[in-house]
Amino acid sequence: MSSREGTAWPGILSLGSFVSGIAQGAAGSASGAALDNGLVIEVEPGRFEEMVVTALDGLPEELGRVMRNVAVTVEHGPGPPGLLGLYEGIPLTSRTSQYAGVLPDRITIYRQAICAICRTEQEAAGQVRRTVIHEIAHHFGIDDNRLSELGW
């Protein structure tokens, strides 16, 4: 995992490949077997991670300043069926003065799931951006119903 030092995102702890057995307390792991999920486009892992960094860096700095205790990772396996990304943690709106000593929230972006619905690298980059914004919205306490109302 590479550090996000020197960016407008001080609350983000890391960005990089999810490696089974290394992620903090992650349940489940990617199988070592090759998976054929019918990819429409193949984006190399390093390039995909760059897309996630670009999506984060393209967001307003104000968001980065208020995000706290969250790690963004890329899962290169297929991920859970039907998900392009996943937010796991305690949204900022639910944190109280008792919030302390907890593991970082985690936003996971699923490379194969996004590649499976995209035909071009440009389309994949746009979907990565939408997925990153969607999962960050969950970090800020915005649920799926409200995101739908807002057009996300």
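The values are calculated or read from the model by the stated rules, or taken from the named source; none is laboratory data. None of these values were measured; they are calculated from a predicted model. Please note: Cβ atoms are built from the backbone with ideal geometry, for glycine as well, and neighbour counts cover all protein chains shown.
In table form, for the structure just shown:
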item	result
Residue in segment 67-76 that is in a helix (DSSP H, G or I) and surrounded by 13 or more Cβ atoms within 10 Å (Cβ to Cβ) present	no
Criterion: of a type in the set (S, T, N, Q) and in contact with a Cys (Cβ under 7 Å, 6 or more places away or on another chain) - qualifying residue of Gln112, Gln127, Gln98	Gln127
Selection count where residues are charged (D, E, K, R) and more than 15 Å from the chain's Cα centre (by Cα), scope segment 60-93	3
Odd one out for Gln112, checked against (1) touching a residue at least 12 places away in the same chain (Cβ under 8 Å); (2) surrounded by fewer than 17 Cβ atoms within 10 Å (Cβ to Cβ); (3) assigned to a helix (DSSP H, G or I)	(2)
Filter result for the condition that a residue is under 19 Å from Leu63 (Cβ atoms), touching a residue at least 40 places away in the same chain (Cβ under 8 Å) and surrounded by fewer than 18 Cβ atoms within 10 Å (Cβ to Cβ), over Arg119, Arg129	Arg129
Matching option when the condition is in contact with a His (Cβ under 7 Å, 6 or more places away or on another chain) and either free of Cβ contacts under 8 Å to residues at least 40 places away in the same chain or of a type outside the set (A, V, I, L, M, F, W, C) (or both), among Gly85, Gly101, Gly58	Gly85
Selection within segment 62-96 - basic (Lys, Arg) and within 29 Å of Gly46 (Cβ to Cβ)	Arg65, Arg68
Within segment 90-109, considering residues that are modelled with pLDDT under 95 and either hydrophobic (A, V, I, L, M, F, W, C) or touching a Pro at 6+ places or on another chain (Cβ under 7 Å) (or both), the one surrounded by the most Cβ atoms within 10 Å (Cβ to Cβ)	Leu92
Qualifying residue in segment 97-109 (condition: within 21 Å of Glu42 (Cα to Cα) and outside any helix (DSSP H, G or I))	yes
